[in-house]
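I have placed the structure first, in the form of structure tokens, so that the comments after it can refer back to it.
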Amino acid sequence: MPSDCIFCRIIEGSLPSSIVYEDEIALAFMDIMPINPGHVLVVPKKHFRELSEMDEGTGAHLFCVAMRVERALRASGLQCDGTNLLQNNGPDAWQEVMHVHLHVIPRFRGDEVKVHFGQKEASRAHLDSWAGKIKTSMEQ
Ligand code: AMP
Ligand code: ZN
């Protein structure tokens, strides 16, 4: 466990957290700077820096836990008309804590969340070209 990892320290209990769920593989706790009230982080107990380092079994389990948290949020009485699941990998993709985590974010009409992804329409030629590269890479 890297001693400078905040989430490893939460998992071992040496930093405080507000836990909503725990099992042998995963821990779910409240984000300390919530985007909306009820913002939960789901993390593997084993330290992986990014998604690409993590095994698929752990990833599948994290997603199952996130689904259970999402369902619980909707029935919790907190404002939650919809949700975003967000998972950042690498500092260039907004990852600040280098221990894999999945955000479960409650959303409601009139909340003040703003995200600008800057999407641009692409030509079919570009889409086919990018698909080809990824498809080939997946086959290796
Ligand atoms: P990311 O930008 O995807 O790496 O998100 C990291 C998240 O971790 C942010 O939303 C932070 O608010 C949250 N965070 C950082 N430190 C703590 C902590 N000690 N307890 C709970 N959440 C934290
Ligand atoms: Zn860690």
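The values are calculated or read from the model by the stated rules, or taken from the named source; none is laboratory data. Predicted model only: the values in this text are computed from it and were never measured. Positions of Cβ are backbone-derived with ideal geometry, glycine not excepted, and every protein chain shown enters the neighbour counts.
Yes/no per residue for (1) within 17 Å of His39 (Cβ to Cβ); (2) among the β-branched types (Val, Ile, Thr); (3) in a helix (DSSP H, G or I); (4) in contact with a Gly (Cβ under 8 Å, 6 or more places away or on another chain):
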| position | (1), (2), (3), (4) |
| --- | --- |
| Cys80 | yes, no, no, yes |
| Asn89 | no, no, no, no |
| Glu96 | yes, no, no, no |
| Val113 | yes, yes, no, no |
| Lys120 | no, no, no, no |
| Leu127 | no, no, yes, no |
| Trp130 | no, no, yes, no |
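Just one of (1) away from ligand 2 (no atom under 16 Å from the Cβ); (2) under 22 Å from Val115 (Cα atoms) fails for Gly77. It is (2). Of all residues in region 1-37, those being β-branched (Val, Ile, Thr) and within 16 Å of Phe48 (Cβ to Cβ) number 4. Please work out if Ala75 is under 30 Å from Phe108 (Cβ atoms) and surrounded by 11 or more Cβ atoms within 10 Å (Cβ to Cβ). Here the answer is no, as Ala75 does not meet what is asked. Somewhere in region 36-45, is a residue at pLDDT 95 or above, among the β-branched types (Val, Ile, Thr) and within 13 Å of ligand 2 (Cβ to nearest atom)? Taking every residue of region 36-45 in turn, at least one turns out to be at pLDDT 95 or above, among the β-branched types (Val, Ile, Thr) and within 13 Å of ligand 2 (Cβ to nearest atom).
Arg49 meets the conditions (1) surrounded by fewer than 17 Cβ atoms within 10 Å (Cβ to Cβ); (2) within 15 Å of ligand 1 (Cβ to nearest atom); (3) farther than 30 Å from Met138 by Cβ; (4) of a type in the set (D, E, K, R) in every case but one. The failed one is (3).
Looking across region 107-131, the residues that are modelled with pLDDT under 95 and either touching a Lys or Arg at 6+ places or on another chain (Cβ under 7 Å) or among the hydrophobic types (A, V, I, L, M, F, W, C) (or both) come down to Val115, Phe117. If the condition is being within 17 Å of Val20 (Cβ to Cβ) and not charged (D, E, K, R), then region 67-83 contributes Met67, Val69, Ala72, Leu73, Ala75, Ser76, Gly77, Leu78, Gln79, Cys80, Thr83. The residue of region 1-34 that is farthest from ligand 2 (Cβ to nearest atom), among those that are of a type in the set (Phe, Trp, Tyr) and out of contact with any His (no Cβ under 7 Å at 6 or more places or on another chain), is Tyr21. For region 25-78, residues that are out of contact with any Asp or Glu (no Cβ under 8 Å at 6 or more places or on another chain), in a loop (DSSP other than H, G, I, E, B) and of a type in the set (D, E, K, R) total 5. As for region 1-9, it holds at least one residue that is among the hydrophobic types (A, V, I, L, M, F, W, C), in contact with a helix residue (DSSP H, G or I) (Cβ under 7 Å, 6 or more places away or on another chain), more than 27 Å from Met138 (Cα to Cα) and at pLDDT below 95. Within region 11-22, at least one residue is buried (at least 16 other Cβ atoms within 10 Å of the Cβ) and part of a strand (DSSP E or B).
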